[in-house]
Amino acid sequence: MSALSTPTISEPANPEPERLRAASYWALAIVFAAVYCGSLFSPALLDDADSTHAEAAREMFVSGDYVTLHVNGVRYLEKAPLPYWLVAISYHIFGVNEFASRLPMALSVLLLGGLAVVWGRRAFGERAGIYAGVFVYTAAGVFLFTRILIPDVLLSLLIAASLYFFLTALEPRGRAWRWYAGYACMALGMLTKGLIALAFPGGAAVLYLALTGEWRRWREFRLASGLALFLLIAAPWHILAGLRNTGGQSGHGFFWFYFINEHFLRFLGKRYPRDYNKLPWALYWSLHLVWLFPWSLYLPAAIGTGIDERGRWRRNNFGARTRLLCWLLAGLVLVFFAISTNQEYYTFPAYFPLLMLLADGITRYELTDCATGVRKGWLRISAGVLALVGLAASVTLLTLLWQSRNLPFEPDIGNVLATHNMDTDTLSTSHMLDLSYASFAALRLPAALAAVALLVAPLLSFLLRIRRRHYAATWSLAAGMAVFLVAAHIALGRFGPYLSSKDLAREIAARARPEDRVLIYGDQAFGSSLLFYLQRRVELVEGRTTSMWFGSTFPDAPKIYLTGADLQKDWDGQQRVFLFVPPHLKAKVDGLLPSKFTVAQVSGKYVYSNRP
């Protein structure tokens, strides 16, 4: 065991991290760099949330208004400001580009993994800390839900950090500053995603204090001064936003929209306008096996460790108390969103505690197996199941590649994808439904890389488990997962023209003059990357919907909303008009505008003009 480890109970010897300590941390850095650094530069910002949020930060950067968010010149009041502040600062340093847009969230992933190492090492020993860090960097859901500019990874970091400071402050020699650091993290979390940043760590802490009896120490919690610090950080923006944004729909201003509509009515499924679905119960729970893949298949080890070590938290054992707090936080988040309306990534704050528990469980089973030969069955079973899953996935990919070997390579993958109803399907991963047989001809390289990674890494890990070379087994699986995620990033780049409108923005920019008009038909989300790349106001035809609705009800909202009749009238006018048309609305627009000129077409998306 490394001298820096902090074993919490009697554990078998752990010689590998001592001998390979430096190599392990270098490997951890390489995994992060391979998976997350390369993806800072590509692909183009995606339509919908990704480019909408980047545009909000860009308009903040340009206008200097750091209180009221704007998108397309319209007040965008549903989001807390901290992620946009960070991206705007990044724009000041690096300019307005994809790299600067993605950097703050990539750094959040880096810090989340770093926190996992520090907390895991302190609670469960150095091997568990290293595992916790590499699990964060290679979990499928962490990668998938940081491909778009959403604040959930930053929120997860702040929630986890607040609870780490809370737990360490309760230690016998806990420092007072840790209480204040915890309150500050919750306040920053509230500036990241609203009240859930207070509800989740606060709820987990209350449950923890009730179970352990530590609530009797409430005088030590710095409640008055901690609350004052919390308000000092969190309150000013909320107050200013409320004062500057009054007089919206029916006299409702920021406070009603942000707290009532976006928090309570969203939880109840009554938010207006309704643009969120709720996953079916079975799918909601089972998908977490995918989001935490491949480590989720070692869940029996985490559960077994939790059962074996139950009750140890009563002995003021930091590892056991960490384990209890992680179960409470994960359970609270998962149950909360099982009741509420949800998107797949809403449960992101549960990933960190679950990955910590998985790192703890795998480590204990590995060390005990090496020392006594006990419990090796669970590790073998999990590794065997992973090998079978990897084999099945690899065979599927190789079969699709073989069957598509004679099909021509299609540079624009959108031309060979299936389509589904985008009006009713609002889930963030719904584009997975677009994959078609012919699309694999455009995905040969990433599909081949993924097939090899899924075949070799789980099988090698299983063979190493059988030989009780557990440290190598875990790292071989992590390395294979890193290769798989690199392949996923390459595949995402191939989907770039389909998921982003950057290419169409380039075509418009090459032709449009300052006095020309640019329009989107339908919801702005269908072509929101036009705003970011054109850096000009875009008018919306029949687009006073979803995130563009509430801001449009303010008297000073820009006059960018048109009806179909307005479009027909302006189309016959003297001013040149460029009209972006998403694929599912093309037939409707063709019927509305029989006379038009096609400027560009990419992945079924068209740009029309009323002038040649």
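Rg and Dmax over the alpha-carbon atoms of the chain stand at 25.7, 85 Å. The angle between the Cα long axis of helix 49-63 and the longest principal axis of the Cα atoms of the chain comes to about 70 degrees, rounded to the nearest 10. Working note: Karplus 6.51/-1.76/1.60 with θ = phi - 60° gives the range 99-113 the couplings 4, 5, 5, 8, 4, x, 6, 5, 5, 5, 4, 4, 5, 5, x Hz, where Gly and Pro are set to x. Among Glu220, Glu98, the ranking by other beta carbons within 10 Å of each residue's beta carbon, starting with the fewest, stands as Glu220, Glu98. In this rough spin-label picture, where each label sits 7 Å from Cα along the Cβ direction, the Ala338-Val118 distance is 3.3 nm.
Sequence-ordered 3J(HN,Hα) estimates for the range 83-90 from the Karplus curve with 6.51, -1.76 and 1.60 and θ = phi - 60° stand at x, 6, 4, 5, 5, 4, 4, 4 Hz, glycine and proline given as x.
Between the amide H of Tyr561 and those of Leu540, distances stay under 5 Å, these residues lying 5 or more places away or on another chain, with hydrogens modeled in the peptide plane.
Close amide H pairs (under 5 Å, H built 1.01 Å from N) link Phe293 with Ala140, Gly141, residues at least 5 positions away or on another chain. Pull up the cross-link candidates among the lysines for Lys605, meaning alpha carbon to alpha carbon under 26 Å and not fewer than 8 places away within one chain. The reachable lysines, counting only those whose Cα sits under 26 Å from Lys605, are Lys502, Lys559, Lys569, Lys586, Lys588, Lys596.
Distance between the pseudo-spin-label points of Asn406 and Cys37 (7 Å out from Cα toward the beta carbon): 4.5 nm.
Per-residue ellipticity at 222 nm for the chain, helices alone: DSSP H runs ≥ 4 residues times -39500 (n - 2.57), over residue total, nearest 500 deg cm²/dmol? List each step's numbers first, then the result.
Numbers: 25 runs with 344 residues, N = 612.
-18000 deg cm²/dmol, from helical runs alone.
Take each of the peptides 316-322, 116-122, average the number of other beta-carbon atoms within 10 Å over its residues, and list them starting from the highest. Write out the running numbers ahead of the final one.
On the way: 316-322: 20.0, 116-122: 22.7.
Per-residue Cβ counts within 10 Å, averaged per peptide and sorted highest first, yield 116-122, 316-322.
Stretched out straight at 0.36 nm per residue, the stretch from Ala176 to Leu398 would grow longer than its current Cα-Cα span by 74.2 nm. Ordering 50-56, 279-285, 149-155, 465-471 by mean Cβ neighbour count within 10 Å, with the highest value first, yields 50-56, 149-155, 465-471, 279-285. Selection among Pro81, Thr138, Ser101 by position relative to the dipole of the range 11-153 gives Thr138 as farthest towards the positive end (Cβ unit charges, Cα centre). Here the residues Leu355, Leu499, ranked from fewest to most Cβ neighbours within 10 Å of their Cβ, fall in the order Leu499, Leu355. 3J(HN,Hα) couplings calculated from phi for the range 568-576 with the Karplus curve 6.51 cos²θ - 1.76 cosθ + 1.60 (θ = phi - 60°) are, in sequence order, 4, 5, 5, 5, 8, x, 7, 7, 6 Hz; Gly and Pro show x.
The Kirkwood radius of the range 502-609, taken over pairs of alpha-carbon atoms, gives through the Stokes-Einstein law at 4 °C and 1.567 mPa s a diffusion coefficient of 92 µm² s⁻¹.
Bridgeable lysines around Lys270 (alpha carbons under 24 Å apart, same-chain partners fewer than 8 residues away excluded): Lys79, Lys193, Lys278. Close amide H partners of Val599, meaning residues 5 or more places away or on another chain with modelled amide H under 5 Å apart, are Val607, Tyr608, Ser609.
Read the figures in this text as sums done on the coordinates, not as results from a lab. Remember, it's a predicted structure, so these values are computed and weren't measured experimentally. Glycine also receives a Cβ, built like all others from the backbone with ideal geometry; neighbour counts cover every protein chain displayed.
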